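A.B. asks: Sharing a structure with you now.
Just so it is clear, none of the values below were taken in a lab; they were calculated from the coordinates. Just so we're clear, the structure is a prediction, and the values are computed from it rather than from any experiment. With ideal geometry, Cβ positions are generated from the backbone for all residues, glycine too; neighbour counts draw on all protein chains shown.
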Amino acid sequence: MKKGILALTILSLGLFSFTSLNETTLKEVKTVLQDEIVIEGVGVTKKIETSGNETIRIEGTNNKITISGACNVIKIEGVDNIVTVDDVKTVTIEGTGNKVTYKKSSNTDGKIKSKIEGVNNSITKQ
């Protein structure tokens, strides 16, 4: 009888541990997915509030995006997008005629990291 209770207890502990691991893993995946905000389209005007860890991905043409708060990365792929942001660490642009205006960068040196491919793209500090 004691052996049966002991075996049942060990089995139950193993199931609870497995369940806790799965719930933790799901929460981590959900957090990673929530950190990327994707904006796709033509002529989209949008205001976004960020907390500092987000990656903002903008794909399309003639979009006007205003980002309040800090974000980690802004990635733009497209034509004639205009982005205004309070605080950003990294900006990458692929396309033509895209403009990013920022107030500051939280990087230690106060400068953004940038990569620009295409023509007539600009990143300007206000």
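A.B. asks: Tell me which strands (runs of 3 or more DSSP E) are completely within the stretch 31-115 and hold 2 or more residues being surrounded by 15 or more Cβ atoms within 10 Å (Cβ to Cβ), free of Cβ contacts under 8 Å to residues at least 60 places away in the same chain and of a type in the set (Gly, Ala, Ser), or say none if there are none.
C.D. replies: 64-79
A.B. asks: Can you pull out every residue in the stretch 36-63 that is among the charged types (D, E, K, R) and within 21 Å of Lys104 (Cβ to Cβ)? Can you show your working first?
C.D. replies: We begin by selecting, within the stretch 36-63, every residue among the charged types (D, E, K, R); these are 36, 40, 46-47, 49, 54, 57, 59.
The answer is Lys47, Glu49, Glu54.
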